[in-house]
């Protein structure tokens, strides 16, 4: 069966002017990502991975080249249209969680549904179901400061999932978590992928990238390598600290 193409980037470039200098953040990027792929975007600081993530997430537009998301050319859209695309097509998960501090877990997850035009009953029902999917149904009334780092990230993942987006785009999703919680969160991403979601994780950590099925490495604004991961890490490969002691 032919794979459905979700993302097609052709000769994507992104240049910034800093004073009299032109910074070539992305030189030429051409790649395709397909439905239900689990991809890691890797690179050191300055490699262009954050710039590429911003373009993939429709947070920025390229200087040149074409970006097709679900067969729509989004590379030249204005800010309002990009905001619509982000709400419908992309679920974001950030290193810093980006939750509303005074809102409950349920209210945080409901937020994208407000912008999408769902009524309150539908919003509440969908948000509760999605929180259950990330194993947080017992914390729906808790505010972020009443949750652990891992629980906050689960709320953020539920918020990313609630609108049934085409892609889940996670930027250093374990960057603020301890190693045990990081493993649990990566296990959750594996569950999400198994349910049919397309997952793109941006990371500089080799161990986090190894959970993905495909690893794309960037150097100096270009794709250095794009390979199938032959040694995928799963939850079974990790020995958690509590297990070690026993």
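We did not get these values from a lab; they are worked out from the coordinates using the rules stated. Because the structure is a prediction, the values reported are computed rather than measured. Glycine gets a Cβ as well: all are built from the backbone with ideal geometry, and neighbour counts include every protein chain shown.
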(Q) Tell me the residue from 200, 157, 192 that is more than 28 Å from residue 80 (Cβ to Cβ) and buried (at least 18 other Cβ atoms within 10 Å of the Cβ), please. (A) 192
Q) If you take the residues of the range 45-82 that are without any contact (Cβ under 8 Å) to a residue 40 or more places away in the chain and within 16 Å of the chain's Cα centre (by Cα), which of them is surrounded by the most Cβ atoms within 10 Å (Cβ to Cβ)? A) 58
Q: Would you mind finding the one in 77, 99, 113 that is in contact with a helix residue (DSSP H, G or I) (Cβ under 8 Å, 6 or more places away or on another chain), within 30 Å of residue 140 (Cβ to Cβ) and in a loop (DSSP other than H, G, I, E, B)?
A: 99
Q) Quick one: which of 230, 212 is free of Cβ contacts under 8 Å to residues at least 40 places away in the same chain, at negative phi and assigned to a loop (DSSP other than H, G, I, E, B)? A) 230
**Q.** Criterion violated by residue 183 - all others in (1) crowded, with 16+ Cβ neighbours inside 10 Å; (2) farther than 23 Å from residue 43 by Cα satisfied
**A.** (2)
